[in-house]
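*Asks:* Can you read through this structure? Questions will come right after.
The values are calculated or read from the model by the stated rules, or taken from the named source; none is laboratory data. Since the structure is predicted, the reported quantities are computational estimates derived from the model, not experimental observations. Heads up, the Cβs are rebuilt from the backbone with ideal geometry, glycines too, and the neighbour counts pull from every protein chain shown.
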Amino acid sequence: MNDILNIAGKKFNSRLFTGTGKFSSNKLMSEAILASESELVTVALKRVDVENEQDKMLQSITKPHVNLLPNTSGVRNAKEAVFAAQLAREALGTNWIKLEIHPDPKYLLPDPIETLKATEELVKLGFIVMPYIHADPVLCKRLEDVGAQCVMPLGAPIGTNKGIKTVDFLEIIIEQSNVPVIVDAGIGSPSHAAYAMELGADAVLVNTAIAVSQNPVQMAIAFKMAVEAGRMAYNAKLASIKKHAEASSPLTSFLN
Amino acid sequence: MNKTFQNLFDTYNWDDTLASINAKTAQDVEYALSKTKRDLEDFKAFISPAAAPYLEQMAHLSKMTTKKRFGNTIQMYVPMYLSNECQNICTYCGFSMTNKIPRRTLTDDEILKEVAFLKAKGYDHILLVTGEANKTVGVPYIKHAIELIRDQFANISMEVQPLDQHEYEELIEANLYAVLVYQETYHRDEYKKHHPKGKKSNFDYRLDTADRLGKAGVHKIGIGALFGLEDWRADSFFTALHLKYLQKTYWKTKYSISFPRLRPHSGGLEPKVEMTDKNLVQTICAFRLLDEDVELSMSTRESEVFRNNIVHLGITSLSAESKTNPGGYVVEPQSLEQFEISDERSTELIAEMLKQSGLEPVWKDWEAFN
C-alpha cells in the first residue's frame, strides 16, 4: 500500500518505530508492539540483563518481524557511547545502534558534539548508526557526511508529548537530507505523527505516548493508522492553502 | 563517496523528460503556484507550454520571493577575458580553434591595465575568462593571474576549461571564490555535434565538473545551459536537476544559474531551437520559484529593455559594459569578440538605471578570510 522504507539496505513496511520503556508490564508492552505492527523497536541497553539470555523483557518482544534497536541511553559522552554500542553488538547480535548521548539527566537533550564524534567512530567500527539529535539542519548534514545511515531529529523535548515544535527546522532537514529522516521524541498523539509524516519525514519513533496511554494497545493501533495516513497523504501530495494574489501593475507587458 | 551527478543523470532519458514537461497541464501549473515548497515536478510545470498564460502570475511571485530573500539589491560583476587561445572546436563560439582570428593572451602588464580600468569603474567582483589552451593558459597561468589581481578584487570567479579536483584546490587556495562551468547542453548526442574536437568533446568529464568543484570545497558553483543548442525546456530541467543534486550533496557551497542564449559571433551558428524573450522570463521565474536562495545571473547578452525589466523578476547579479575579447577594455579594444553583447550601456548608466528603479547596485559583498 504505502511505499517501503529503506535504511542501510534493510526494508521496512512500517514507518512507525516504537520503544520499550515506561510500559506497566512486559505483557502489555508486547501486545502494544505487536498491535503497532512496528518492525523496529528500540531498547535501552542499560535495561537489558546482558548476562541473562532469559531476559524477560527481551523475550517478550522477540518476534520474527520485530528488529531490536539497542540504544545507548544513559551515556554522557562519545567514549561511553562507543563502549555501550560494542556491548550491545556483542549481547544482542546486531550492529544497529540508536545513538543517544545526553549528559543532562533532566531533559535528556542530546549533545551534538559528542554525537558527531561517536557517529564517526561507530561508522568506522561497522555500525549502522541512528543518531538522536536536535532538529539542527547543519548537524544533520555533518552526520550524513561522516556516514550516519539516517538522522533522528526531535520534534519536542523527549517525553513531553508536545508534538512537532521544531517544524521549521524539520522542513529544512527533510529538504536537504540524503538519508532517511526519522522524527524522534515529542510526538504525543497520532495527529502529531500524521503531521510529521505529511511534512515528509520517512518515519517516526513513538514510545511514551503509547506506553503511558490508558490503553496502550488501542493507542498503538491509532499511531499505526496515523503514520500510514500521513505517509499516504504525503505521497498523494497535499492540496495547498489558497493564497490570494495581489493585483499590481503588470510586470511582463514589456514582452508584448 | 564516488557517486557523481552522472549516476543520477543516466537514469533520465531526454525524450521522456521532454514529453513529461510538455504533458503538464494548467492544473499542474496552478497547483505549483499555490505551493510554498516546490519540487522538480513543479519546476516542469513552470517551464511547460501550459505555463505560458500564467507568466504574469509567475513574475509577481518571483519578484516577491526574490525581494524577500535578497532585498532591493543587485550584485555587480564584470568579466575580464584573459585569452582567446583555444584548442576546442565549438560550433557556436567565436574562439573556436578553426576560426581564423588573431590569438592573444594577456601579459601581466596588460592584465593590470585592464584591471585599472575596471577598478575605476567600481568593480570589486571579477570573472576571469579564458579559452582552453593548456600550454599557454593552463592552471599555472590562471593561478598567476589570480595572484596578480587578488589584492585588488574582493571576489574572484573564473570561467575556464573544466579542471581536476586537485587543480581546483590549488586555485581555491590562491583565493579563487567561484567557478562557472556550463554544460552547454545536457543532450549527449547534440553535445557531441557541437564539440567535435578537443578536450571539451568529453561530455562526461564536463558533466562531473561541478562534483569535482564541490569536493574541492569551492565557495560557489555556477551552472547553466547555452539556450538555442537544444530544446530549452529540457535543458532547463536538467540544469534544475543538477542544481538540486549539487545542493543536497555539496551543502556548504553556494550556487548560481546563468541563462545564456546563443548570440551572433564571427562564424556564427543559428539556434536550432529558438528561445523567445517570453520563454527566457518563464525560465528565470521558474528557477526562482523552485529555489528562493539560488543566485540568478544575467549578462550583457540581453537587450537594454529586457535587462531593465528582468532585474526585478528574479535576477540577483548583473554584469555591465562587458567586453568579450582579451584586452577589450583598454589594451586592444578592436580585437574580435567571443560573441556580440547586446546591452552596451556603460557601468555608470546601468548603475543609474538600477537606482532609478529602486535597486541598489552592490559592488563588494565578500572578503576572503583565509
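*Asks:* I'd like to know if the range A:19-33 contains one or more residues that are touching a Leu at 6+ places or on another chain (Cβ under 6 Å), at pLDDT 90 or above and hydrophobic (A, V, I, L, M, F, W, C).
*Replies:* First, the residues of the range A:19-33 that are touching a Leu at 6+ places or on another chain (Cβ under 6 Å): none.
No - not one qualifying residue is present in the range A:19-33.
*Asks:* If you go through the range A:152-164 one residue at a time, do you hit one that is touching a Ser or Thr at 6+ places or on another chain (Cβ under 6 Å), part of a helix (DSSP H, G or I) and either farther than 30 Å from residue B:64 by Cα or at pLDDT below 90 (or both)?
*Replies:* No, there is no match, as no residue in the range A:152-164 is touching a Ser or Thr at 6+ places or on another chain (Cβ under 6 Å), part of a helix (DSSP H, G or I) and either farther than 30 Å from residue B:64 by Cα or at pLDDT below 90 (or both).
*Asks:* To continue, here is another question. Out of all the residues in the range A:130-142, is one or more aliphatic (A, V, I, L, M), modelled with pLDDT of 95 or more and surrounded by fewer than 17 Cβ atoms within 10 Å (Cβ to Cβ)?
*Replies:* Scanning the range A:130-142 turns up at least one residue that is aliphatic (A, V, I, L, M), modelled with pLDDT of 95 or more and surrounded by fewer than 17 Cβ atoms within 10 Å (Cβ to Cβ).
*Asks:* Within the range A:178-187, can one find any residue that is among the polar types (S, T, N, Q), in a loop (DSSP other than H, G, I, E, B) and over 14 Å from the mean Cα position of the chain (by Cα)?
*Replies:* Yes, because at least one residue in the range A:178-187 is among the polar types (S, T, N, Q), in a loop (DSSP other than H, G, I, E, B) and over 14 Å from the mean Cα position of the chain (by Cα).
*Asks:* Residue B:299 fails exactly one of the following numbered conditions: (1) surrounded by fewer than 23 Cβ atoms within 10 Å (Cβ to Cβ); (2) closer than 30 Å to residue B:86 by Cβ. What is the number of that condition?
*Replies:* Residue B:299 satisfies all of (1) surrounded by fewer than 23 Cβ atoms within 10 Å (Cβ to Cβ); (2) closer than 30 Å to residue B:86 by Cβ except (1).
*Asks:* Which condition does residue B:91 not pass, out of (1) under 20 Å from the mean Cα position of the chain (by Cα); (2) surrounded by fewer than 21 Cβ atoms within 10 Å (Cβ to Cβ); (3) within 14 Å of chain A (Cβ to nearest Cβ), if it passes all the others?
*Replies:* Checking residue B:91 against (1) under 20 Å from the mean Cα position of the chain (by Cα); (2) surrounded by fewer than 21 Cβ atoms within 10 Å (Cβ to Cβ); (3) within 14 Å of chain A (Cβ to nearest Cβ), the one that fails is (3).
*Asks:* Against the condition in contact with a helix residue (DSSP H, G or I) (Cβ under 8 Å, 6 or more places away or on another chain) and surrounded by fewer than 16 Cβ atoms within 10 Å (Cβ to Cβ), how does residue A:99 come out, does it pass?
*Replies:* No: the conditions fail for residue A:99.
*Asks:* Kindly provide the set of residues from the range B:324-364 that are closer than 27 Å to residue B:103 by Cα, over 21 Å from the mean Cα position of the chain (by Cα) and either in a helix (DSSP H, G or I) or aliphatic (A, V, I, L, M) (or both), ordered by number.
*Replies:* B:330, B:331, B:336
*Asks:* What pairs come out if I take residues in the range B:59-85 that are within 14 Å of chain A (Cβ to nearest Cβ) and pair them with residues that are aromatic (Phe, Trp, Tyr) and buried (at least 21 other Cβ atoms within 10 Å of the Cβ) whose C-beta lies under 9 Å away, six or more apart or interchain?
*Replies:* As it stands, the answer is B:62/B:287, since those pairs meet every condition given.
*Asks:* Give the residues of the range B:337-370 that are buried (at least 20 other Cβ atoms within 10 Å of the Cβ) and over 30 Å from residue B:219 (Cα atoms), sorted by residue number.
*Replies:* Scanning the range B:337-370 gives no hits.
*Asks:* Restricting the range B:290-311 to residues that are within 13 Å of chain A (Cβ to nearest Cβ) and either among the aliphatic types (A, V, I, L, M) or touching a Leu at 6+ places or on another chain (Cβ under 6 Å) (or both), which is farthest from residue A:250 (Cα to Cα)?
*Replies:* In this case the residue turns out to be B:290.
*Asks:* Follow-up. Going residue by residue through the range A:184-195, is there one that turns out to be within 14 Å of another protein chain (Cβ to nearest Cβ) and under 21 Å from residue A:40 (Cβ atoms)?
*Replies:* So the first thing to find is which residues in the range A:184-195 are within 14 Å of another protein chain (Cβ to nearest Cβ), and the list is none.
No, the conditions are met nowhere in the range A:184-195.
*Asks:* Is there a residue in the range A:103-112 that is modelled with pLDDT of 95 or more and part of a helix (DSSP H, G or I)?
*Replies:* Yes.
*Asks:* Considering (1) surrounded by fewer than 23 Cβ atoms within 10 Å (Cβ to Cβ); (2) within 14 Å of chain A (Cβ to nearest Cβ); (3) under 17 Å from the mean Cα position of the chain (by Cα), say which one residue B:241 fails and leave the rest.
*Replies:* Failing condition for residue B:241: (2).
*Asks:* Residues in the range B:45-55: is at least one outside any strand (DSSP E or B), farther than 30 Å from residue B:350 by Cβ and among the polar types (S, T, N, Q)?
*Replies:* Yes, the conditions are met somewhere in the range B:45-55.
*Asks:* How do the pairs read when you match residues in the range B:9-27 that are assigned to a helix (DSSP H, G or I) with residues anywhere that are small (Gly, Ala, Ser), using Cβ under 8 Å and keeping only pairs 6 or more apart or on different chains?
*Replies:* Cβ pairs passing all conditions: B:14/B:234; B:17/B:234; B:18/B:234; B:21/B:48; B:21/B:234; B:22/B:48; B:26/B:50.
Yes or no, residue by residue, for (1) touching a strand residue (DSSP E or B) at 6+ places or on another chain (Cβ under 9 Å); (2) under 21 Å from residue B:175 (Cβ atoms):
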{"position": "B:86", "(1), (2)": "no, no"}
{"position": "B:97", "(1), (2)": "yes, no"}
{"position": "B:119", "(1), (2)": "no, yes"}
{"position": "B:123", "(1), (2)": "yes, yes"}
{"position": "B:127", "(1), (2)": "yes, yes"}
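*Asks:* Any residue at all in the range A:144-156 that's surrounded by fewer than 21 Cβ atoms within 10 Å (Cβ to Cβ), more than 14 Å from every other protein chain (Cβ to nearest Cβ) and on the phi > 0 side of the Ramachandran plot?
*Replies:* No, the range A:144-156 contains no residue that is surrounded by fewer than 21 Cβ atoms within 10 Å (Cβ to Cβ), more than 14 Å from every other protein chain (Cβ to nearest Cβ) and on the phi > 0 side of the Ramachandran plot.
*Asks:* Would it be correct to say that residue B:148 is crowded, with 21+ Cβ neighbours inside 10 Å and of a type outside the set (Val, Ile, Thr)?
*Replies:* So residue B:148 does not fit the description; no.
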